[in-house]
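**Q** Please read through the structure below; I'll follow up with questions.
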Amino acid sequence: MNYPNLISSKLPNTGTSIFAVMSKLATDCNAINLSQGFPDFNCDEELIALVNKYMKEGKNQYAPMAGLMTLREVIADKIASLHGTKYDPESEITITAGGTQAIYTAISAIIRDGDEVIIFEPAYDCYQPAIEMNGGTTIYLQLKAPTYSIDWNQVKKVITHRTRMIIINTPHNPTGSIMTAEDMRMLEKITQNTNIVIVSDEVYEHIIFDNQQHESVSRFPKLAERSYIISSFGKTFHTTGWKTGYCVAPKNLMAEFRKVHQFLVFCVNSPIQYALADYLKNKNNYINLNSFYQNKRDYFIKQIKNSKFEIIPCGGTYFQLLSYKKLSKEKDTDYAIRLTKEFGVASVPISVFYHETIDNHVLRFCFAKKEETLDKAAEILNKI
């Protein structure tokens, strides 16, 4: 059938997400899927029981637009306990349909035609399309490999009167790097006396290793007063399919956020909010997550230490970067496909996280998996 050409794409250069592409390839090839970032183990039975309890109690209708108050209160308590900053649950915390929705909403609330937004590459793939959809211009800066750290002198050079937002991500997906307190102080200094808004993607806030501390923007008052902070219960509680997260910000920023939020999703799944409000009251349910995932990271590294892949340090998230320079000079996109089709292990090539192809021959592997899954993957990787 011939269709009339009624539209001009708002995202002409955007295709299907690499995560969807590699996961489908993994399924088609019956490969071990270490590409898309989701656990292959279930969440806590207690959490499932709580959701079921509230469903049976009839908590199945619309939640308040900003989220269940009891959940917002326990989030406020968590942030105050961990970072020493008090957010008002009434006016400064909003429950969202996952981290991606929160990021899109924050960008939509602030960015107008002609505004510039600084992001750091390799960058999670939802930032640039959201900027473009709202008429903004993306300014790309590269993280310095192999540590994937920020060059703050470069940041100073690209800030102009049109710079409206800087997006940061710590712990960082896809590299696993983390920002330090000094990084935060530099960001604070650079943005003082400006109208620049920070979006701080902290969805892996509770997955940080080697006794390091998560340096949330909320720990730095002069940054907190200009920042949207995004987090995700999906990453914290192994429930990525529930698509539930939250955003915190000072009252004036949150008011603008909610104007968009109410027309984007209006509100978020009610029984899950009730369950999370109860589950979060036990701090052990998130405080111990660091050691849980560090054990998985260390286990995966130990299993592949005799392979020809080079292990790149990972300070947080549940992703491990591996260089294959000793194995092939192929493009990382080609090697990732061949690794899936010929050997049966799916990963994600890092070059796709850059707007212009930068290929360091590095792949991202998700280690949020059962030990038997990691064992099978490691056995294959060791033989290559």
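**Q** At a Förster distance of 56 Å, what's the computed FRET efficiency of Glu182 paired with Asn2, Cβ-Cβ distance as r, to 0.05?
**A** Numbers: r = 60 Å, r/R0 = 1.07.
Approximately 0.40, to the nearest 0.05.
**Q** Summing -39500 (n - 2.57) over the DSSP H runs of n ≥ 4 in the chain and dividing by its residue number, what mean residue ellipticity at 222 nm do you reach, to the nearest 500 deg cm²/dmol? Spell out each step's value before the answer.
**A** Working: 15 runs with 147 residues, N = 384.
Calculated at 222 nm, the ellipticity per residue is -11000 deg cm²/dmol.
**Q** In the chain, what % of DSSP beta bridges are antiparallel (nearest 5)? Write out the running numbers ahead of the final one.
**A** Numbers: 20 of 40 bridges.
The answer is about 50 percent antiparallel.
**Q** At a Förster radius of 30 Å, what calculated FRET efficiency corresponds to the Cβ-Cβ distance of Arg112 and Val158, to the nearest 0.05? Provide the component values of the computation, followed by the final result.
**A** Values: r = 19 Å, r/R0 = 0.64.
E between Arg112 and Val158, to the nearest 0.05, is 0.95.
**Q** Something else: Given all pairs of different Cα atoms, what value in angstroms does the Kirkwood hydrodynamic radius of the stretch 1-105 take? Mind showing how you got there, number by number?
**A** On the way: mean 1/r = 0.0536 Å⁻¹.
Computed over the stretch 1-105, the radius equals 18.7 Å.
**Q** How far apart, in nanometres, would the label points at Thr137 and Ala80 be if each is projected 7 angstrom from Cα along the Cα-to-Cβ direction?
**A** 4.4
**Q** Let me ask another. Which GluC sites (Glu not before Pro) does the stretch 214-299 hold that lie in a coil by DSSP with at most 14 other beta carbons within 10 Å? Spell out each step's value before the answer.
**A** On the way: sites: Glu215, Glu225, Glu256; in loops: Glu215, Glu225.
Here the GluC sites (Glu not before Pro) that fit, given the DSSP loop and packing criteria, are Glu225.
**Q** Farthest toward the dipole's positive end in the chain, which of Gly98, Val155, Val248, given Cβ charges of +1 (Lys, Arg) and -1 (Asp, Glu) about the Cα centre?
**A** Result: Val155, furthest along the dipole toward the positive end.
**Q** Another question about this same structure. When a footprinting reagent is the concern and you count Cβ atoms within 10 Å, what order do Val74, Val217 take, fewest first?
**A** Going from least to most buried by this count: Val74, Val217.
**Q** What distance in nm separates the simple spin-label points at Glu57 and Glu90, each placed 7 Å from Cα in the Cβ direction?
**A** Distance between the two pseudo-spin positions: 2.4 nm.
**Q** Round to the nearest 0.05 the FRET efficiency obtained for Glu379 and Glu45 when R0 = 30 Å and r is the Cβ-Cβ distance. It would help to have the intermediate numbers written out before the result.
**A** Values: r = 30 Å, r/R0 = 1.01.
Efficiency at R0 = 30 Å is approximately 0.50.
**Q** Moving on to the next point. On full extension of the chain, what length is gained from Glu225 through Ile358, given 0.36 nm per residue of separation minus the C-alpha to C-alpha distance?
**A** Details: separation 133, 0.36 × 133 = 47.88 nm, distance 3.50 nm.
Gain on extension, Glu225 to Ile358, equals 44.4 nm.
**Q** Neighbour counts of other C-beta atoms within 10 Å: give me Glu356, Glu90 arranged from fewest to most.
**A** On the way: Glu356 8, Glu90 13.
The fewest-first ordering by Cβ neighbours comes to Glu356, Glu90.
**Q** Classify the stretch 144-290 as rounded, prolate or oblate from the Cα gyration tensor: take a ≥ b ≥ c as the square roots of its eigenvalues, call it rounded if a/c is under 1.5, otherwise prolate when a/b beats b/c and oblate if not. Let's see the in-between values first.
**A** Values: a/c = 2.13, a/b = 1.30, b/c = 1.64.
Verdict is oblate for the stretch 144-290.
**Q** Now, a different point. Taking loop as defined by DSSP and a crowding limit of 16 other beta carbons within 10 Å, which chymotrypsin sites (Phe, Trp or Tyr not before Pro) in the stretch 213-303 fit? Could the numbers behind the result be given before it?
**A** Numbers: sites: Tyr228, Phe233, Phe237, Trp242, Tyr246, Phe257, Phe263, Phe266, Tyr274, Tyr279, Tyr286, Phe292, Tyr293, Tyr299, Phe300; in loops: Phe237, Phe266.
In loop regions of the stretch 213-303 (DSSP not H, G, I, E or B), the sparsely surrounded chymotrypsin sites (Phe, Trp or Tyr not before Pro) are Phe266.
**Q** Moving on to the next point. Please report Rg over Rh for the stretch 248-288, where both radii come from the alpha carbon positions and Rh follows the Kirkwood definition.
**A** Dividing the radius of gyration by the Kirkwood radius yields 1.12.
**Q** At 0.36 nm per residue, and after removing the present C-alpha to C-alpha distance, how many nm does the segment from Asn252 to Glu372 gain when stretched out fully? Please report the intermediate quantities before stating the final value.
**A** Details: separation 120, 0.36 × 120 = 43.20 nm, distance 4.87 nm.
Here the segment from Asn252 to Glu372 would lengthen by 38.3 nm.
**Q** At 0.36 nm per residue, minus the direct Cα-Cα distance, what do Asn13 and Lys326 gain on full extension? Give it in nm, one decimal, please.
**A** Details: separation 313, 0.36 × 313 = 112.68 nm, distance 3.27 nm.
Once the chain is fully extended between Asn13 and Lys326, it gains 109.4 nm.
**Q** Measuring from centroid to centroid over Cα atoms, what is the spacing of the stretch 211-230 and the stretch 239-287 in Å?
**A** Cα centres, the stretch 211-230 to the stretch 239-287: 18 Å.
**Q** About the Cα centre of the chain, what is the dipole size in debye to 20, counting +1 per Lys and Arg Cβ and -1 per Asp and Glu Cβ, all else neutral?
**A** Values: 42 positive and 41 negative charges, 38 e Å.
Here the chain has a charge dipole of around 180 debye.
**Q** Using Cβ contacts closer than 10 Å as the measure, can you line up Arg162, Arg364, Arg297, Arg219 from fewest to most? List each step's numbers first, then the result.
**A** Details: Arg162 12, Arg364 29, Arg297 22, Arg219 17.
Lowest count first: Arg162, Arg219, Arg297, Arg364.
Each reported figure results from applying straightforward, stated rules to the coordinates on display, with no laboratory input. Here the structure is a predicted model, which means the values were calculated and not measured. Cβ sites come from the backbone with ideal geometry, for glycine too, and all protein chains shown count toward neighbours.
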